[in-house]
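Since the structure comes first, as structure tokens, the remarks are kept for the end.
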Amino acid sequence: MIRKSIFLFVTLLFLVYTAGSQTKTDKRLTQKLQMLVNDFKGDVGIYVQNLRTGKVASINADTIFPTASMIKVPIMCGVFDKIEKKELSYHQNLTYRDSLLYAGEDILGSFKDGEKIQLSKVQMLSITTSDNTASLWLQKLAGSENINQWLSENGFEYTRLNSRTAGRQAYQKLYGWGQTTPKEMALLVKKIRDGQAVSPAASQRMYRNMVRIYWDAEALSEIPPYIQAASKQGAVNRSRSEVVLVNAPHGDYVFCIATKNQKDESWTSDNEGYQLIRNLSKLLWNYYEPKSTWKPAEGLKRYAD
């Protein structure tokens, strides 16, 4: 009798544990996501989680996609890991050299050889304006292999730096600068929000940078400007992506969308990938905040980035 009681008790504990650990699927939202992507000409991955209820909706969330500039979030984590280890200092002065230039319209790339700038400002430019020269400089300072090691040690199986990284040439040909899955990138930003990336202090500093994004014409354009949202975008010819964590009135939610093999390679605001990102963000805002009457103002398009 005692053995039977112990067996039943252990079985009950197991059932309670497994029930609590299983991810809850939001079936209604999943159906809406599927309808949203049905006619998209390319491959799409989406991961959405309501951080208040834990419910998830996803499509191809564990599929690997190019990160493009979303890789700047893992690079940032690598930099802050170095700072926590006292191998770098957040406010240390750096000297810009012309050899660091990545051709484009970057702010840092307009510096003259020999000019000084604090690491904190280089990090700010990398995230807020997606400055490529700044990001590649930070990647060099943190070390590509160190960044990938940090990702591995923190449970990210597929998110990796590829470009300028030893042994990653084959992956670079497939995915470019970096690779990730929609689920992993969303959970990385959640980890930052929760104070679990590098350290609580580092996480707070990283999150503050991520809520000051200059490029706000896609997902952020469908969220009221008075609502805080941390985000990072990425784009290359056949891929568009964005990760966003919204501090919404009725509970935070996080989502990441990524595309690849897009037929539309245009760089205008009506690119099919950009439209899909905006439509997803609009869908989620209205889904989680059904009583909101906010919508983008007429004529806002002339101010879009």
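The values are calculated or read from the model by the stated rules, or taken from the named source; none is laboratory data. Please read all numbers here as calculations on a predicted model, not as lab measurements. Here Cβ is always computed from backbone atoms with ideal geometry, including for glycine, and neighbour counts include all displayed protein chains.
Looking only at residues of the range 65-89 that are in a loop (DSSP other than H, G, I, E, B) and of a type in the set (Ser, Thr, Tyr), we find that the one that is surrounded by the most Cβ atoms within 10 Å (Cβ to Cβ) is THR67. Within the range 26-43, the residues that satisfy the criterion of being basic (Lys, Arg) and farther than 24 Å from ASN271 by Cα are LYS27, ARG28. When each of VAL122, VAL198 is tested for being farther than 22 Å from LEU101 by Cα and either aliphatic (A, V, I, L, M) or without any contact (Cβ under 8 Å) to a residue 60 or more places away in the chain (or both), the lone residue that passes is VAL198. Among residues belonging to the range 30-50 that are closer than 22 Å to GLY234 by Cβ and surrounded by fewer than 19 Cβ atoms within 10 Å (Cβ to Cβ), point out the one that is nearest to the chain's Cα centre (by Cα). Only one residue tops the list, namely ASP43. Looking only at the range 278-305, which residues are outside any helix (DSSP H, G or I), within 22 Å of LEU36 (Cβ to Cβ) and either in contact with a Cys (Cβ under 9 Å, 6 or more places away or on another chain) or at pLDDT below 95 (or both)? LYS295, PRO296, ALA304, listed by residue number. Cβ-Cβ distances below 8 Å connect the following pairs, each with a first residue in the range 214-235 that is without any contact (Cβ under 8 Å) to a residue 40 or more places away in the chain and surrounded by fewer than 20 Cβ atoms within 10 Å (Cβ to Cβ), a second residue that is not aromatic (Phe, Trp, Tyr) and not in a loop (DSSP other than H, G, I, E, B), and a separation of six or more residues or different chains: ILE227/VAL246; GLN228/VAL246. Of all residues in the range 192-204, those satisfying the criterion of being surrounded by fewer than 19 Cβ atoms within 10 Å (Cβ to Cβ) and either among the aromatic types (Phe, Trp, Tyr) or out of contact with any Ser or Thr (no Cβ under 7 Å at 6 or more places or on another chain) (or both) are ASP194, SER199, PRO200, ALA201, GLN204. Please determine whether any residue of the range 167-174 is surrounded by 20 or more Cβ atoms within 10 Å (Cβ to Cβ), out of contact with any His (no Cβ under 8 Å at 6 or more places or on another chain) and in a helix (DSSP H, G or I). No, that holds for no residue.
Of SER58, SER130, SER110, all but one fail to be surrounded by fewer than 18 Cβ atoms within 10 Å (Cβ to Cβ) and out of contact with any Cys (no Cβ under 9 Å at 6 or more places or on another chain); the exception is SER110.
For (1) outside any helix (DSSP H, G or I); (2) more than 19 Å from the chain's Cα centre (by Cα); (3) under 26 Å from ALA186 (Cβ atoms), each residue gets a yes or a no:
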{"residue": "THR63", "(1), (2), (3)": "yes, no, yes"}
{"residue": "HIS91", "(1), (2), (3)": "yes, yes, no"}
{"residue": "LEU138", "(1), (2), (3)": "no, no, yes"}
{"residue": "LEU141", "(1), (2), (3)": "no, yes, no"}
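Applying the condition of being without any contact (Cβ under 8 Å) to a residue 60 or more places away in the chain and of a type in the set (S, T, N, Q) to the range 125-147 and asking which residue is farthest from PRO182 (Cα to Cα) yields THR133.
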